[in-house]
1. Return one whole number: the accessible area per residue of the range 60-105 in Å², for a 1.4 Å probe.
2. Between residue 69 and residue 102, 0.36 nm times their residue separation minus their Cα-Cα distance comes to what?
3. List every residue whose amide H lies under 5 Å from the amide H of residue 26, counting only residues 5 or more places away in sequence or on a different chain, with H placed 1.01 Å from N in the peptide plane.
Amino acid sequence: MRTWQDRDLDLFAELADVCLATSVPTLQRDLIASEYQVWEARAFGADAVTLLPALVEPAELARFAALAEELGMTAVFEVYDGEDAEVALDLGAQVTVVAGSDLATLRSIRDSLPPTLLVLAEAGGTMALIGGELLRVAGEAA
């Protein structure tokens with residue numbers, strides 16, 4: 001019988017394989033709930049980790065973001081509403097995932113963010129890169 005640890009090892013093996021196969025930055029998409037997970041993501045080659053303001057308190061998020069930066073990674077804040085976006089901005093977010101179930105919600109949150117912030121938009125589990133440089137890099141990688 002397979003355990004959750006087996007599943008995690010499989011996922012990290014896949015992450016490591018992707019990191020070795022490409023020069024495009026990679027994002028550890030699992031939501032980070034402990035500093036250990038930040039270290040783990042880095043050990044397997046991730047260039048960025050996903051932080052969710054709705055999951056943990058701002059003080060913890062600040063620690064996770066600082067550790068990610070210390071390890072040479074980018075903290076990507078996943079926001080679902082204006083309050084999440086405000087927390088992310090207060091913590092110095094440079095990249096966000098704006099998530100929502102409909103385009104109106106996505107647009108509303110996106111419009112509240114500064115134009116200098118790099119935004120990844122997600123709707124229904126599909127992620128799109130928004131930003132000229134990322135689109136250029138993604139196009140070259142395809």
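The values are calculated or read from the model by the stated rules, or taken from the named source; none is laboratory data. On a predicted model such as this, the values are computed, not experimentally measured, just so you know. The protein model used for the area step is the full one, side chains on, heavy atoms only, and it has no ligands, DNA or RNA in it. Shrake-Rupley method; radii C 1.70, N 1.55, O 1.52, S 1.80 Å.
1. 48
2. Between residue 69 and residue 102, full extension yields 8.7 nm more.
3. 47, 48
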